[in-house]
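See structure below.
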Amino acid sequence: MTSTPGEPDAAEELIRRIEQSTPPGYRHVESTVVHQDENVFKTATIYYVPQEGDDGQLILMVNSWTPRPDFSGFDLRPGASRWTCEDAAIGELHRFLSDRFETPEPTEEPDAPLAAVIRKVQTGETDAGQLAQLAEALAGAPNAAGILAAHGAGQVLLDGIQAAKQRDVIAALSEVVRDPDAKENEFQQILQESWWMFGGRFVEKAKRRQLTVMTQLDVPLIRADGALHVVELKRACVPNLVIPHRDFFVVGPEVNKAVGQSLNYLREFDEERNTIQQKLGIECRRAFATVVIGHPQHVPDAQAREHVPETLRTYNAHLSRVEVITYADLIQGAEKALELAPSPAG
């Protein structure tokens, strides 16, 4: 229903009549026509109902009206206190409410593929393939910068990319661990640049692996207090990782050998502490070491395999500066760290 020249606007006339018919005890705040056609006008009205003191209550009332053919007025439809919105009417109702309560109006996302991938990045669900999809979406999005800004996605994307790269490192290490013929240098190639897997107590990797003439370290790390921490990497396939001894299990000879090697490193660093500190600026007095060796999946005996964690825990309890862990411990710790890290979305 539209008004002809000289006649009052139908929507304005309806709003005026709603205002004039404000219920007793109510105060009219604002009204709007959400939808109108020849058969029905849908309105939304906000009233204020004063109460004791300074408190009051806002009430939203919605109605449907049938316009009279002669434009003499409107009739409230039966059951008109309930109606539904479709399409543009939803946006109009939201605009009305957002103007009143200063809430942002939703906008359409023409770059839906880009926005969808961003949301996956925000929740930490991305993998390498999805990041490739993100790159394609960024290249094809006409308003990529706007979409990124709308999602607060600058740092989110960087964090998401970093998390995906870390998951790739874990997957690569797991694959090498499964290979019974993998050599120590294959583990070193992965972990020397992915030292984050050893935990948040380390702040950087030492720039030099050779600190003394006779010693070359696998992964030299610097702790938060500035002290050196040595990581010694051994093979994952160590069938005699733990061995039976009388009625219990003890660590195998390969473990004792690796620990002895690490202890000799630490003794040498203690003796050469002043020289290393002056030349390289690294504090290595009373340094610590971690030996990464073996994986339970390569222990053929089922009973021995079951006792790997307990045997190593007992062994470690008697060491003061060296800790022995398996590649299973390392991978599980890294995976758990990624799970527990807060998502970029907060």
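The values are calculated or read from the model by the stated rules, or taken from the named source; none is laboratory data. Note that the coordinates shown come from a computational prediction; the quantities given were computed from them, not determined experimentally. Using ideal geometry, Cβ is built from the backbone for each residue, glycine included, and neighbour counts are taken over all protein chains shown. To get the accessible areas, we keep the full protein, side chains included, count just its heavy atoms, and leave off ligands, DNA and RNA. Shrake-Rupley method; radii C 1.70, N 1.55, O 1.52, S 1.80 Å.
Evaluate region 324-343: report whether one residue or more is more than 33 Å from the chain's Cα centre (by Cα) and open to solvent by less than 80 Å² (accessible area, probe 1.4 Å). Within region 324-343 (the criterion being more than 33 Å from the chain's Cα centre (by Cα) and open to solvent by less than 80 Å² (accessible area, probe 1.4 Å)), the answer is no, since none of the residues qualifies. For region 218-233, which residues satisfy the criterion of being assigned to a loop (DSSP other than H, G, I, E, B) and crowded, with 22+ Cβ neighbours inside 10 Å? If the condition is that a residue be assigned to a loop (DSSP other than H, G, I, E, B) and crowded, with 22+ Cβ neighbours inside 10 Å, then no residue fits. Looking only at region 178-200, how many residues end up being under 23 Å from H229 (Cα atoms), assigned to a helix (DSSP H, G or I) and out of contact with any strand residue (DSSP E or B) (no Cβ under 7 Å at 6 or more places or on another chain)? Qualifying residue count, region 178-200: 6.
Within region 294-330, the only residue that satisfies the criterion of being among the basic types (K, R) and in a loop (DSSP other than H, G, I, E, B) is R321. For region 201-217, the set of residues classified as open to solvent by less than 70 Å² (accessible area, probe 1.4 Å) and either part of a strand (DSSP E or B) or in contact (Cβ under 8 Å) with a residue 60 or more places away in the chain (or both) consists of F202, K205, A206, L211, T212, T215, listed by residue number. Taking the numbered list (1) over 19 Å from G333 (Cβ atoms); (2) open to solvent by 70 Å² or more (accessible area, probe 1.4 Å) in turn, E186 passes all entries but (2). On the given criteria, is V250 touching a helix residue (DSSP H, G or I) at 6+ places or on another chain (Cβ under 7 Å), among the aliphatic types (A, V, I, L, M), farther than 12 Å from V291 by Cβ and outside any helix (DSSP H, G or I)? For V250, the condition - touching a helix residue (DSSP H, G or I) at 6+ places or on another chain (Cβ under 7 Å), among the aliphatic types (A, V, I, L, M), farther than 12 Å from V291 by Cβ and outside any helix (DSSP H, G or I) - is met. Of all the criteria given as (1) in contact with a Cys (Cβ under 6 Å, 6 or more places away or on another chain); (2) at positive phi; (3) not aromatic (F, W, Y), the one not satisfied by G226 is (1). Within region 246-305, which residues are open to solvent by 40 Å² or more (accessible area, probe 1.4 Å), touching a residue at least 60 places away in the same chain (Cβ under 8 Å), over 16 Å from D218 (Cβ atoms) and touching a strand residue (DSSP E or B) at 6+ places or on another chain (Cβ under 7 Å)? Result: V250, E272.
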